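Working notes, beginning with the structure itself.
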């Protein structure tokens, strides 16, 4: 992060952000492109520079954090296990996915039957919350249709989802981002593709349960025992972490080790820019040490 070469207003803004960083009581980290990079199947995760040292320092200082991925290919526990294999110290309950958020939301609304497009990473959190999984076959009744990481869509499944929505089911997507970061570049996010087809066919309202939902940020805060305004949200996607942070009044920290490279964040409207625009979490570590 450079300050001296910026105009006075930008230097004041950066100074205020650094002062606020010192008062942050907890962190919400994105996973892919922020802490680690893997392949398009979230395999072979490798820590990005500074990620292990940063999370260890937070633990040593007693500052809580969790990891929040919009991925649904795995259960939260499986993601946490993969991060532990990569060297991170992370309890299962401090790993969040859109399926975690959906389980809380659906149970709170009294939904009982959910049609799911996705694997165990989608279904197990819902089943653990007492919900019945409805397969996308035929014309079943459902309270909700929930779309996540699903690479095996068929026309029969698409038609079944449309009939569920026409029958009264509410439509939910894990994420509407177009891509996610991998070690080989960006990969297409299936949840957007599938949910947009269903929306186009039915005209339904599409609800997002993962990032950048404010409900998701509030859920992260509850897990840490903190209010959104006491959190810093760190991520690489201009469409996800930074907007979510602004919606909840959190400190928005952008890194350029994933999707948001170059001037991806600087090109946003001033009110939507990150409070801190950093090269990576290694720079965040240096700021905290300083």
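With respect to (1) modelled with pLDDT under 95; (2) in the same structural domain as residue 259 (by TED's automatic domain parsing), the lone exception for residue 3 is condition (2). Residues of region 137-162 being surrounded by fewer than 23 Cβ atoms within 10 Å (Cβ to Cβ) and touching a helix residue (DSSP H, G or I) at 6+ places or on another chain (Cβ under 8 Å), which ones? Listed by number, the residues that qualify are 137, 138, 139, 140, 141, 143, 150, 151, 153, 158, 162.
Of note, residue 201 does not satisfy the criterion of being out of contact with any strand residue (DSSP E or B) (no Cβ under 7 Å at 6 or more places or on another chain), within 25 Å of residue 74 (Cβ to Cβ), modelled with pLDDT of 95 or more and surrounded by fewer than 16 Cβ atoms within 10 Å (Cβ to Cβ).
Picking from residues in region 249-276 that are more than 17 Å from residue 48 (Cβ to Cβ) and at pLDDT 95 or above, the one that is surrounded by the most Cβ atoms within 10 Å (Cβ to Cβ) is 250.
Matching residues to (1) surrounded by 20 or more Cβ atoms within 10 Å (Cβ to Cβ); (2) more than 19 Å from the chain's Cα centre (by Cα):
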| site | (1), (2) |
| --- | --- |
| 61 | no, yes |
| 64 | no, no |
| 74 | yes, no |
| 91 | no, no |
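Note on region 6-38: among residues that are at pLDDT below 75 and part of a loop (DSSP other than H, G, I, E, B), the one that is nearest to the chain's Cα centre (by Cα) is 6.
Checked against (1) more than 30 Å from residue 275 (Cα to Cα); (2) in a loop (DSSP other than H, G, I, E, B); (3) touching a helix residue (DSSP H, G or I) at 6+ places or on another chain (Cβ under 7 Å), residue 175 passes all but a single condition, namely (1). Of the helices (runs of 4 or more DSSP H) lying entirely inside region 193-290, those carrying at least 3 residues that are under 22 Å from residue 170 (Cα atoms), touching a helix residue (DSSP H, G or I) at 6+ places or on another chain (Cβ under 7 Å) and in the same structural domain as residue 50 (by TED's automatic domain parsing) are 214-224. Being modelled with pLDDT under 95 and in contact with a strand residue (DSSP E or B) (Cβ under 9 Å, 6 or more places away or on another chain) holds for only one residue in 160, 175, and it is 175.
The values are calculated or read from the model by the stated rules, or taken from the named source; none is laboratory data. Since the model is a prediction, treat every value here as computed from it, not as a measurement. FYI the Cβ positions are ideal-geometry reconstructions off the backbone, even for glycines, and counts take in every protein chain you see.
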